[in-house]
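What follows is a short report on a single structure.
All of the numbers you see were taken from the coordinates with simple rules; none came from a lab. Everything numeric in this text was worked out from a predicted model, so none of it was measured. Here the Cβ positions follow ideal geometry from the backbone for every residue, glycine too, while neighbour counts run over all protein chains shown.
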Amino acid sequence: MIQIPKGCKDMLPSEAYLWQTVEGIARETAKLYGFKEIRTPVFEHTELFSRGVGDTSDIVTKEMYTFLDKGDRSITLRPEGTAGVARAFLSNGLQGGVMPFKAYYLISAFRYERPQAGRLREFHQFGAELYGSAQPEADAEVILLANRFLNSLGVGEAVHLELNSIGCPACRAKYAEALRAYFRPHLDKLCADCKVRFEKNPMRLLDCKEEVCKEISAGAPSILDSLCDDCRAHFEAVKKLLDGKVAYTVNPRIVRGLDYYSRTVFEFTSSALGAQSTVLGGGRYDGLLEQLGAKPTPAVGFAAGLERLLMVMSAVDVPTAEQLPDAYIAGMDAPSRAYALSLAEELRGEGLLVETDLMDRSVKAQFKYAGKLNFPVVVTIGEEELREGAAEVRNMFASTSERVKFGEIAQYIKECLRR
Ligand code: ATP
Ligand code: MG
């Protein structure tokens, strides 16, 4: 038997409603803030990610699914959504359009990682992006959208917002020096990756998941002490806009794994999860669009990991209801079964979820099937019913049964369902 590739998961029909609930709430919430959906290709030119995500990020250095296509082009399965949206914004000339530009996406993303709970090779994200505003109000709007999404999902109490500012390139150059001065005496104890990070991008040291590096970096200086006046004022304004709307903690250790961030960065984490505790991460990335060839365009956004969200939902027992069917039509013999199929079609035209026998089962077996699937109404048709033009309709909620004329069945079922 052929196995599913490592780090992937099937979404089965029995759990489809969970995914649809999460996706539905994502769409509804995005809509409330005026964000519209964008869909971009699953794969892009590799260069988009090496330039856009940044070539010192974990994603680009270790995690990308990259291959040569038959035309010898280097192609990469998208490891995240932001770079593709930025590329689409540029390729489609949307720079000249109305600002701010607001878009959301529901995508699968691919990273070659070591699979574990909450860490897959194919995973799913809900993300939102806002371009064209450097105002703190834009940061606040994106964070409030994320917060409303989590609250509407029912996990608001199980997550917490952590907020930081990583400043502009000038603040970071100053901070990089402070970090190098701090880490230099410990250099030989750091992991191999961090030795490279020390040279190339010392802030990334704070994001290392190795125990030794985590211990050493615990005493590192805070970025907040390196912020310039403008970045400091921006961060203060964002916090003020959020005060009273969403609880947060300032955590100067949050730097985010991607190279394109600037100023505001944030994560919603949950203690209901183990090591992979971040369910949603985002921030401002004012440099990305310019990096990809646009005129300078400030931007802010987030992405939530849907698998991790589903884990939190199940850990805190968020009630989610599977859609119930409406009516089952049982036929006692061949002519009745044929009529059952016609009646089913008619009722579906009325918007009812109707099933009928497709397995040549006995009436008893058909009832058993209807019971297993929790059909609230069961319609039975036999020789006598066909002759009379009326069926036996059983309301399973009320345990009552009635003869109903064929033409009145749709109405009757709707009344049963209303109760
Ligand atoms: P981590 O630190 O856990 O590796 P990250 O910083 O790489 O996360 P982002 O690139 O910010 O994650 O992606 C946003 C969100 O997508 C994460 O907060 C997480 O919920 C989810 N996510 C990222 N990588 C994976 C993965 N391999 N499997 C499942 N979900 C993931
Ligand atoms: Mg990662």
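Miscellaneous remarks
- Applying the criteria of a DSSP loop state and at most 12 other Cβ atoms within 10 Å to the trypsin sites (Lys or Arg not before Pro) of the stretch 220-280 yields Lys245.
- Linear extension gain, Glu47 paired with Asn374, 0.36 nm per residue minus alpha-carbon span: 112.5 nm
- Cα centroid of the stretch 108-147 to Cα centroid of the stretch 259-281, whole Å: 9 Å
- Under a model in which nothing but the beta-carbon of Lys, Arg (+1) and Asp, Glu (-1) is charged, the stretch 327-418 shows a dipole of about 360 debye around its Cα centre.
- Pairs from the table (Lys6/Lys62; Lys174/Lys245; Lys62/Lys200; Lys372/Lys405; Lys174/Lys200) lying more than 21 angstrom apart at Cα are Lys174/Lys245; Lys372/Lys405.
- For the stretch 1-40, applying the loop criterion from DSSP together with a ceiling of 10 other beta carbons within 10 Å to the trypsin sites (Lys or Arg not before Pro) yields Lys6.
- Stokes-Einstein diffusion coefficient of the stretch 327-418, Kirkwood radius over Cα pairs, 10 °C, 1.306 mPa s, in µm²/s: 124 µm²/s
- DSSP bridge orientation in the chain - percent antiparallel, rounded to nearest 5: 80 percent
- Checking the Cα-Cα distances for Lys9/Lys364; Lys9/Lys209; Lys195/Lys295 against a 27 Å cut-off, the pairs over it are Lys9/Lys364; Lys195/Lys295.
- Looking at the stretch 72-107, the trypsin sites (Lys or Arg not before Pro) that sit in a DSSP loop and have at most 16 other Cβ atoms within 10 Å of their own Cβ are Arg73.
- For the chain, the Kirkwood hydrodynamic radius comes to 24.8 Å, computed from all pairs of different C-alpha atoms.
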